[in-house]
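*Asks:* Would you mind keeping the following structure in view while I ask a few things?
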Amino acid sequence: MPSLDKILTIEEMMAAAKRKVPKQFFDYADSGAWTESTYRANQEDFQKIKLRQRVAVNMDGRSLATTMTGEKASMPVAIAPTGLTGMQNADGEIKAARAAEKFGVPFTLSTMAICSIEDVAENTSKPFWFQLYVMRDRAFIERLIDRAKAAKCSALVLTMDLQILGQRHKDLRNGMSAPPKFTPRFVFEMARKPGWALGMLGTKRRSFRNIVGHVENAGDLSKLSAWTANQFDPALSWKDVAWVKERFGGPVIVKGILDAEDAKAAVAHGADAIIVSNHGGRQLDGAPSSIRVLPEIVDAVGNLTDIYLDGGIRSGQDVLKAMALGAKGTFIGRAFLWGLGAGGEAGVTRTLEIIQRELDITMALCGERDIRNVGLHNIYSIDLPPRNSPLGANG
Ligand SMILES: Cc1cc2nc3c(=O)[nH]c(=O)nc-3n(C[C@H](O)[C@H](O)[C@H](O)COP(=O)(O)O)c2cc1C
């Protein structure tokens, strides 16, 4: 197992995480819906964008610093909300939040986190962002928003693309659950991953702590699983954006936008920013990659709101490409989860360092000194056909 500073790429970080994290949780992160075609496309489509090299430009005094939703960020990369992060590594949400805080980038805590809003607030010193799934039990959601406010979360990320759950074959086959069931196969995995197991034995945070103890019918594990599965609200609508925004009173970032019409609706209903995202290929398999739809969404609402992108970011080069196509920032999911699985807080820091270095060198070789000046002029070619709908451009 190489020490963290010998790990040079996110791909190597993934391999390191695979050696340390039990299969069911490694697979939970490394999976997409059904055939995983959208999961793969998210990454592959970045390779179809070529950068424009420039020389003899003074590359001294470079800056990656920017702002995301009014907050300073040392680079345009935020940590995406991911469920069960505390199962990649004990107390994972706290460790990732601390790494993000020290690095100066935003951290987003998922509704489906293992560590609760209060756990993360108690163990960090700067405000973080909270991701909200709207559930049928609106009284619970009201309390959740109020808890995020009380913990001084500075933005709410409202996820709109999970009204029902996409199906991931690996999770079904592995019998994924949190906490894990003690099947013979899992006990064997624990023996092979002793560092992970020891960490888990040393923490009390092993279930969905934003939920347990906060809803009536989810006391024990079997009831909790049933409660959650039935709770994602299929009737979620644009009106909920206004309601959530009013209750929270701070900026609301709408996540899961993959279509220009939806981007316009999100802005019309008060979104303070949007995240172009297909949930990392975990929901609608067969949907286009997020980088592919970014230009049409920038055309539609780029002058009205800040647009962020996630899905498939595995390097600083990917970040630069997204920025060049009009994103004002990016989010990383698996890249940070693998860092966490491979090395806890230090692993997340290493992931951020790798991406930062790649972004800085790429920006310099493109002849730019300030990330905020990166644009279409830095792109040489894009080998991604534009939308070709049978209904035409507005269909
Ligand atoms: C293991 C895992 C769990 C996730 N859980 C959530 C979640 O609870 N809420 C949410 O809005 N998005 C969730 N996502 C989606 C991420 O926020 C993000 O959109 C996606 O991971 C970006 O793609 P990338 O992993 O290729 O960077 C999850 C993604 C992964 C990989």
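*Asks:* Take Ala197 and tell me if it is open to solvent by less than 30 Å² (accessible area, probe 1.4 Å), more than 16 Å from the ligand (Cβ to nearest atom) and outside any loop (DSSP other than H, G, I, E, B).
*Replies:* In short, yes.
*Asks:* Would you please name the residue that is farthest from the ligand (Cβ to nearest atom), looking only at residues in the stretch 290-307 that are assigned to a helix (DSSP H, G or I) and open to solvent by less than 20 Å² (accessible area, probe 1.4 Å)? Show your work before the answer.
*Replies:* Here is the first cut: in the stretch 290-307, the ones assigned to a helix (DSSP H, G or I) are 290-301.
Imposing the further condition that a residue be open to solvent by less than 20 Å² (accessible area, probe 1.4 Å) reduces the set to 290-291, 293-294, 297, 301.
On the way: Ser290: 8, Ile291: 11, Val293: 14, Leu294: 14, Ile297: 15, Val301: 19 Å.
My answer is Val301.
*Asks:* Under the condition of being of a type in the set (Asp, Glu) and not in a loop (DSSP other than H, G, I, E, B), which residue from the stretch 97-140 is farthest from the ligand (Cβ to nearest atom)? Break it down into steps so the answer makes sense when it comes.
*Replies:* Residues of the stretch 97-140 that are of a type in the set (Asp, Glu), as a first pass: 101, 118-119, 122, 137.
Narrowing further to those that are not in a loop (DSSP other than H, G, I, E, B): 101, 118-119, 122.
Details: Glu101: 19, Glu118: 18, Asp119: 16, Glu122: 21 Å.
Per the criteria, the residue is Glu122.
*Asks:* If you scan the stretch 320-336, which residues turn out to be part of a helix (DSSP H, G or I), open to solvent by 10 Å² or more (accessible area, probe 1.4 Å) and either touching an Asp or Glu at 6+ places or on another chain (Cβ under 6 Å) or of a type in the set (A, V, I, L, M, F, W, C) (or both)?
*Replies:* Matches in the stretch 320-336: Met323 only.
*Asks:* Moving on to the next point. Scan the stretch 213-223 and give yes if some residue there is within 16 Å of the ligand (Cβ to nearest atom) and either surrounded by 14 or more Cβ atoms within 10 Å (Cβ to Cβ) or at negative phi (or both), otherwise no. Steps first, please.
*Replies:* Step one: list which residues in the stretch 213-223 are within 16 Å of the ligand (Cβ to nearest atom), which gives none.
No, that holds for no residue.
*Asks:* So Asn230 ticks every box in (1) assigned to a loop (DSSP other than H, G, I, E, B); (2) surrounded by fewer than 21 Cβ atoms within 10 Å (Cβ to Cβ) but one. Which box is left unticked?
*Replies:* Here Asn230 meets the rest and fails (1).
*Asks:* Looking for something within 16 Å of the ligand (Cβ to nearest atom), out of contact with any Ser or Thr (no Cβ under 7 Å at 6 or more places or on another chain), more than 24 Å from Phe25 (Cβ to Cβ) and not hydrophobic (A, V, I, L, M, F, W, C) - is there at least one such residue anywhere in the stretch 157-166?
*Replies:* Yes, there is a match, as at least one residue in the stretch 157-166 is within 16 Å of the ligand (Cβ to nearest atom), out of contact with any Ser or Thr (no Cβ under 7 Å at 6 or more places or on another chain), more than 24 Å from Phe25 (Cβ to Cβ) and not hydrophobic (A, V, I, L, M, F, W, C).
*Asks:* Something else about it: Ala90 - would you say it is open to solvent by less than 30 Å² (accessible area, probe 1.4 Å), over 19 Å from Lys255 (Cα atoms) and at pLDDT 95 or above?
*Replies:* On the way: open to solvent by less than 30 Å² (accessible area, probe 1.4 Å): yes; over 19 Å from Lys255 (Cα atoms): yes; at pLDDT 95 or above: yes.
Taking the combined requirement at face value, the residue satisfies it.
*Asks:* Also: Any idea which of (1) at pLDDT 95 or above; (2) farther than 25 Å from Ile117 by Cβ; (3) not in a loop (DSSP other than H, G, I, E, B) is the one Met190 doesn't satisfy?
*Replies:* Met190 satisfies all of (1) at pLDDT 95 or above; (2) farther than 25 Å from Ile117 by Cβ; (3) not in a loop (DSSP other than H, G, I, E, B) except (1).
*Asks:* Grab the strands (runs of 3 or more DSSP E) fully contained in the stretch 8-86, keeping just those with 2 or more residues being open to solvent by 10 Å² or more (accessible area, probe 1.4 Å) and farther than 18 Å from Gly343 by Cα. Give the derivation first.
*Replies:* Details: elements: 49-51, 66-68, 71-73, 77-79.
Here the list reads 49-51, 66-68, 71-73.
*Asks:* Looking only at the stretch 234-280, which residues are of a type in the set (Gly, Ala, Ser), within 16 Å of the ligand (Cβ to nearest atom) and either open to solvent by 60 Å² or more (accessible area, probe 1.4 Å) or under 13 Å from Leu162 (Cβ atoms) (or both)?
*Replies:* Listed by number, the residues that qualify are Gly256, Ser277, Gly280.
*Asks:* Here's something else I'd like to know. Looking at the stretch 265-289 only, could you name the residues that are in contact with a helix residue (DSSP H, G or I) (Cβ under 6 Å, 6 or more places away or on another chain), part of a helix (DSSP H, G or I) and within 24 Å of Gly70 (Cα to Cα)?
*Replies:* Val267
*Asks:* Name the residues in the stretch 308-319 that are open to solvent by less than 10 Å² (accessible area, probe 1.4 Å), farther than 16 Å from Gly281 by Cβ and either away from the ligand (no atom under 14 Å from the Cβ) or not aromatic (Phe, Trp, Tyr) (or both), would you?
*Replies:* Correct list: Gly316, Val319.
*Asks:* Output the number of residues of the stretch 357-382 satisfying the condition of being away from the ligand (no atom under 16 Å from the Cβ) and assigned to a helix (DSSP H, G or I).
*Replies:* Going through the stretch 357-382, the residues away from the ligand (no atom under 16 Å from the Cβ) turn out to be 357, 360-382.
Right, trim to assigned to a helix (DSSP H, G or I) and you get 357, 360-365, 371-373, 376-378.
Qualifying residue count for the region: 13.
*Asks:* Looking at Gln24 and the list (1) touching a residue at least 40 places away in the same chain (Cβ under 8 Å); (2) among the polar types (S, T, N, Q); (3) over 12 Å from Lys193 (Cβ atoms), which single condition is not satisfied?
*Replies:* (3)
*Asks:* Among what's in the stretch 72-88 and is of a type outside the set (A, V, I, L, M, F, W, C) and in contact with a strand residue (DSSP E or B) (Cβ under 7 Å, 6 or more places away or on another chain), pick the residue that is nearest to the ligand (Cβ to nearest atom). Don't jump to the end; show me each part of the working.
*Replies:* Just the residues of the stretch 72-88 that are of a type outside the set (A, V, I, L, M, F, W, C), to begin with: 72, 74, 76, 81-83, 85-86, 88.
Keeping just the survivors that are in contact with a strand residue (DSSP E or B) (Cβ under 7 Å, 6 or more places away or on another chain) gives 76, 81.
Values: Pro76: 14, Pro81: 4 Å.
Of everything passing the filter in the stretch 72-88, Pro81 is nearest to the ligand (Cβ to nearest atom).
The values are calculated or read from the model by the stated rules, or taken from the named source; none is laboratory data. All figures in this text were calculated on a predicted structure; none of them were measured in a lab. Heads up, the Cβs are rebuilt from the backbone with ideal geometry, glycines too, and the neighbour counts pull from every protein chain shown. Side chains included, ligands, DNA and RNA excluded: accessible areas come from the protein's heavy atoms. Shrake-Rupley method; radii C 1.70, N 1.55, O 1.52, S 1.80 Å.
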